[in-house]
Every structure is written in C-alpha cells, then in structure tokens.
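Peer 1: Please read through the structure below; I'll follow up with questions.
The values are calculated or read from the model by the stated rules, or taken from the named source; none is laboratory data. These numbers were taken from a predicted model, which means no experiment stands behind them. Cβ coordinates were reconstructed from backbone atoms using ideal geometry, including for glycine residues, and neighbour counts include every protein chain displayed. When the accessible area is computed, the model is the full protein with side chains, heavy atoms only, and any ligands, DNA or RNA have been set aside. Shrake-Rupley method; radii C 1.70, N 1.55, O 1.52, S 1.80 Å.
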Amino acid sequence: MVDVLTDIQIFCPRHRVAEYVANPDNAHEWYVNIKSAVWLTPKPAEIGTRIAFKANFLGRQLMYTYEIVEFVPMKRLVMQSVDGPFPMETSYTWEDFNGGHTHMTLRNRGNPTGFSKFVAPFMAAAMKRANGIDLKRLKKVLENKNHAS
C-alpha cells in the first residue's frame, strides 16, 4: 500500500485555491509530471466526471483515467483511477488558514499491482518528493496570481 500525505499553506483565499486545483485544465501548470488532462465527460467538475491524464513518473510515461467520487466545493475533492497502471486515489482538502489564506492537503494512496508492488516503498518516497515539489509550484503560481490581481 502506498499512502502519501503532503500539505502546504498558500497565501491566497481558499476559494481561489480550491477553484484552481479542482479544474483539471490547470493540472499541467502546477504538477511537474502531468503533461495533459483531457475531459472525458462534460465540464464542470462534479461527481462522476472523468478525466484522462498523461504523465511522466520515474522515467515512464503513464496514461490513466480518474473519476471524481467525492466533491464538496471549496472543501474536498476525491478522485479514483478507473483505468491506469494501478488503483490510485487522489484527494485534496482546503481549509481557511491565518485570516484569508489556505491550508491545503494532497493525499495519494493506492495498491500497486504486478511489478509495481515490489517497488512500492521506493514509489512512495518518490511520490512524497514529487508532491512536495508540486505543492511548492502551486503555491508560487497562486501567490503570484493573487499579487497580480
């Protein structure tokens, strides 16, 4: 089992952070490894929405489809893989922090199968590192946009 939890404080209002993160069209801007996201169901994001992602991770190109299984706007978003290299769940939470700023968590968990299950401990460490980089990138993108508006 892989279970990676990362978090960050973003000096930007919660509604801006949540709206930006919950829109798959923005994923390639802040996720270093995601190269594209294609909506397989009509916009906007809601329970049942499916999105196909193309990513690079650990030197491999990955294609996977996520379905939104829980969505409470500006509070929580949970997606589960319905097609891809192994079952995975990604969740985001957003909470108010320090007077108009946001505390965000990003959690990835799943059960690698086949060869992947043998490298799960290495995979978890790599995911933790990548998620930390992604959240720092998200912080920079959103805080720069917040100062520009």
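Peer 1: Given a Förster distance of 35 Å, report the FRET efficiency between Glu143 and Asn111 from their Cβ-Cβ distance, rounded to the nearest 0.05.
Peer 2: After rounding, the FRET efficiency stands at 0.50.
Peer 1: Can you tell me the 0 to 90 degree angle between the C-alpha axis of helix 120-148 and the longest principal axis of the chain, rounded to 10?
Peer 2: The answer is roughly 20 degrees.
Peer 1: If you don't mind, another one. Given a 1.4 Å probe and every protein chain left where it sits, what share in percent of the accessible area of the chain is carbon and sulfur?
Peer 2: C and S atoms contribute 55 percent here.
Peer 1: List the trypsin sites (Lys or Arg not before Pro) in the range 1-104 that DSSP assigns to loop (not H, G, I, E or B) and whose Cβ has at most 16 other Cβ atoms within 10 Å. Which are they?
Peer 2: Filter output for the range 1-104: Lys75.
Peer 1: Using θ = phi - 60° and the Karplus relation 6.51 cos²θ - 1.76 cosθ + 1.60, list the HN-Hα couplings for the range 35-47 in order, rounded to whole Hz, with x at every Gly or Pro.
Peer 2: 3J(HN,Hα) across the range 35-47, in whole Hz: 9, 7, 9, 10, 6, 9, 10, x, 6, x, 5, 7, 4.
Peer 1: Taking the Cα centre of the chain as origin, work out the dipole magnitude from +1 charges on Lys and Arg Cβ and -1 charges on Asp and Glu Cβ, in debye rounded to 20.
Peer 2: Its charge dipole is roughly 400 debye.
Peer 1: Given [x] 1.02; [y] 1.41; [z] 0.97, which label gives Cα Rg over 2.2 N^0.38 Å as computed from the coordinates?
Peer 2: The listed entry that was calculated here is [x].
Peer 1: When the helices in the chain are scored as -39500 (n - 2.57) per DSSP H run of 4 or longer and the sum is shared across all residues, what 222 nm value do you end up with, to the nearest 500 deg cm²/dmol?
Peer 2: For the chain, the value works out to -9000 deg cm²/dmol.
Peer 1: Let me ask you something else. Taking amide H atoms as placed 1.01 Å from N in the peptide plane, list the residues 5 or more away in sequence, or in a different chain, whose amide H sits under 5 Å from that of Glu70.
Peer 2: Amide H neighbours of Glu70, under 5 Å, 5+ apart: Val78.
Peer 1: If each of Lys35 and Lys136 carries a label point 7 Å out from its Cα toward its Cβ, how far apart are those two points in nm?
Peer 2: Taking the two extended label points, one gets 2.4 nm.
Peer 1: Then there's this: Figure the gain on full extension for Phe122 and Arg60 (residue separation times 0.36 nm, minus the Cα-Cα span) and round it to one decimal in nm.
Peer 2: Using 0.36 nm per residue and subtracting the Cα-Cα distance, I get 20.9 nm.
Peer 1: Testing the spin-label approximation: label points 7 Å from Cα along Cα→Cβ at Glu46 and Val82. State their distance in nm.
Peer 2: 1.5 nm
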